[in-house]
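Undergrad: Here's a structure for you.
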Amino acid sequence: MDQGKMKEEHGNPTEEGEKEQNNTSECKTKTKSTTDCEEQQEADDKKAPVLQPITAPSHKPSSKRPSPSPQKENLQDPTMPSIETVTCPKSVMKDLMEPHFNMWRLDRDSMVDHLEYMYHDLGISQAWNIPRSTLRMFLFGVRERYQDNPYHNFKHCFSVAQMTYSIICKLGLSEQLAVDDIGAVLTAAICHDVDHPGVNNAYHIHAQSTLAILYDYESVLEQHHFAVACRILANKQTNIFRNVINRAQILHKIGELIIATDLAKHKELVTNNALNFEMGFDYENENHVIGLLKIVIKCADISNEVRPEKVATPWVDRLFAEFSQQFAREKRESLPESTFMDPEKVN
């Protein structure tokens, strides 16, 4: 084979060597460049600020009972009136929280104003997202359903609600209880005797009245009062729970508190509450809390005895007047007579 053909098949060794040297040189150049880049990157990294990882803030558990359940944004009724901020006069609120408050100087409209102040002052209106017009319509609706009895009338409603508010303030219960509990006991106090007919449970049971049959002769009037309150709340214009998620739970509690005003429940309630305190009262125990609220509304319902004489005496006269009317009705209808209501025997 001649040299020409060998060159064609195997190439020129001199040229191959030159190419190899060039490739080696190029590779060294690239390696050096890469090394320089890496060193530059390390230098830049040292100069760059070090970012610390983001951690969520820690929240310490609170010993206070939870405030109202959070309201969902989409629960807001679009037809609801706007929420208004109401400033309660300090002098009025200071007087209103006292057990000796004189309700006799207030007219019917002023009583509604003062009940409204209680909702605002205790944070109930804000927690339940109640427009002022809705709250006032609710209070007017309740007022109109109270009958014009000598004793069980709207002024008695206000008296019990005012004493409930006083107990809450004096014992600092709003700092210990959830606002739903505070709102439930105040609303129960306002509704506890709504549509009272002026005669007691014993009369209805003896007369076998429609109400007695309807409620199976058990806490007849108290169940009726709660039913009337629910009917008022069923109206869109007077429903203060339209923006409340756990409305059913709160309503159930209101019903329990109204039933607790039945005098037939007195011994049971007092005994159970005493046991709760003997075991060690726990604000996180729902049974303890509801037991306490029942005692609060019960004390408020019969609180005239602890008021100043000039405030309490008119209530005594009104109570005897209502007793006299029931006694006369029992005699007229040949029902068992409530002798303690006989005006000839009452001193």
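The values are calculated or read from the model by the stated rules, or taken from the named source; none is laboratory data. Note that the structure is predicted; figures quoted are calculated from it, not measured. With ideal geometry, Cβ positions are generated from the backbone for all residues, glycine too; neighbour counts draw on all protein chains shown. Each accessible area value is taken on the protein alone, full model and side chains, heavy atoms only, with ligands, DNA and RNA left out. Shrake-Rupley method; radii C 1.70, N 1.55, O 1.52, S 1.80 Å.
Undergrad: Which of the residues spanning region 291-330 are within 11 Å of Pro150 (Cα to Cα) and open to solvent by 60 Å² or more (accessible area, probe 1.4 Å)? Reasoning before the result, please.
TA: The initial filter retains those residues of region 291-330 that are within 11 Å of Pro150 (Cα to Cα), namely 314-325.
Within region 291-330, Val316, Asp317, Arg318, Phe320, Gln325 qualify.
Undergrad: For the condition of a type in the set (A, V, I, L, M, F, W, C), within 21 Å of Pro150 (Cβ to Cβ) and crowded, with 16+ Cβ neighbours inside 10 Å, what is the one hit in Leu257, Leu233, Leu221? Don't jump to the end; show me each part of the working.
TA: Working: Leu257 fails: within 21 Å of Pro150 (Cβ to Cβ); Leu233 fails: within 21 Å of Pro150 (Cβ to Cβ).
Criteria check complete, one pass: Leu221.
Undergrad: Among the residues of region 174-207, write down those that are assigned to a helix (DSSP H, G or I) and open to solvent by less than 10 Å² (accessible area, probe 1.4 Å). Full working, then the answer.
TA: Looking only at region 174-207, we keep the residues that are assigned to a helix (DSSP H, G or I), and these are 174-175, 179-191, 201-207.
Of everything in region 174-207, those that are assigned to a helix (DSSP H, G or I) and open to solvent by less than 10 Å² (accessible area, probe 1.4 Å) turn out to be Asp181, Ile182, Gly183, Ala184, Val185, Leu186, Thr187, Ala188, Ala189, Ile190, Cys191.
Undergrad: Could you give every pair whose Cβ atoms fall below 8 Å, whose first residue belongs to region 139-153 and is within 23 Å of His120 (Cα to Cα) and in contact (Cβ under 8 Å) with a residue 40 or more places away in the chain, and whose second residue is of a type in the set (Asp, Glu) and in a helix (DSSP H, G or I), counting only separations of at least 6 or pairs across chains?
TA: The qualifying pairs are Leu139/Glu116.
Undergrad: Between Asn102, Asn153, which is closer than 20 Å to Ile232 by Cβ and open to solvent by 10 Å² or more (accessible area, probe 1.4 Å)? Give the steps one after another, and end with the answer.
TA: Details: Asn102 fails: closer than 20 Å to Ile232 by Cβ.
Going through Asn102, Asn153 in turn, just one is closer than 20 Å to Ile232 by Cβ and open to solvent by 10 Å² or more (accessible area, probe 1.4 Å): Asn153.
Undergrad: What number of residues within region 254-310 satisfy the criterion of being part of a loop (DSSP other than H, G, I, E, B) and without any contact (Cβ under 8 Å) to a residue 60 or more places away in the chain? Lay out the reasoning, then the answer.
TA: If we filter region 254-310 for residues that are part of a loop (DSSP other than H, G, I, E, B), which is where we start, we get 260-262, 280-285, 302, 307-308.
Add one more test, that the residue is without any contact (Cβ under 8 Å) to a residue 60 or more places away in the chain, and what stays is 260, 280-282, 285, 302.
Total satisfying the criteria: 6.
Undergrad: Testing Ile245 on (1) part of a loop (DSSP other than H, G, I, E, B); (2) open to solvent by less than 50 Å² (accessible area, probe 1.4 Å); (3) more than 30 Å from Met341 (Cα to Cα), one condition comes back false. Which one is that?
TA: Looking at each condition in turn, Ile245 falls short on (2).
Undergrad: Also, I was wondering about something else. Taking Leu211 as meeting all but one of (1) touching a His at 6+ places or on another chain (Cβ under 9 Å); (2) among the hydrophobic types (A, V, I, L, M, F, W, C); (3) open to solvent by less than 10 Å² (accessible area, probe 1.4 Å), write down the number of the exception.
TA: Single failed check for Leu211: (3).
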